Amino acid sequence: MENKQILLKNIDKVHTTELGTDRIKKNLKLDIDDVVKYCKNKILDKNCNIYKQGKNWYCKIDNIEITINSYSYTIITAHIIK
């Protein structure tokens, strides 16, 4: 199975913490309540470049990068790529 398919197959497990939610909102300048849904939609986009490096997944799309722990499926952070 291609690496990124593992993440896509487990998309329902993707979540974040309360601190993670605040960090993502701040970093991406978002004014929405459900940042996990926002991130999942970005990850599921066919143009999203998904790769695994070490213990994390990295998902790049639309000048943003989302970092997800590959064991717990926790969204660690997301930021705008400069």
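Each reported figure results from applying straightforward, stated rules to the coordinates on display, with no laboratory input. All of these numbers come straight from a predicted model, not from anything done at the bench.
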Please check: in the Gaussian network model of the chain (C-alpha springs, under 10 Å), which one of Lys25, Lys13, Lys60 has the largest mean-square fluctuation. Lys13
Quote to one decimal, in nm, the extra length available between Asn10 and Lys29 on full extension: 0.36 nm per residue of separation minus the C-alpha distance between them. 4.2 nm
Note the direction-averaged projected area, equal to a quarter of the hull surface, for the Cα convex hull of the chain, in nm². 5.2 nm²
Under 10 Å, Cα contacts only: if you run a Gaussian network model on the chain, which one of Asn56, Asn69, Asn41 comes out with the highest mean-square fluctuation? Asn41
Checking the cross-link filter: which lysines have an alpha carbon closer than 21 Å to that of Lys13, excluding same-chain neighbours under 8 positions apart? Lys4, Lys25, Lys37, Lys40, Lys42, Lys46, Lys52, Lys55, Lys60
Can you give the % of DSSP beta bridges in segment 3-80 that are antiparallel, to the nearest 5? 95 percent
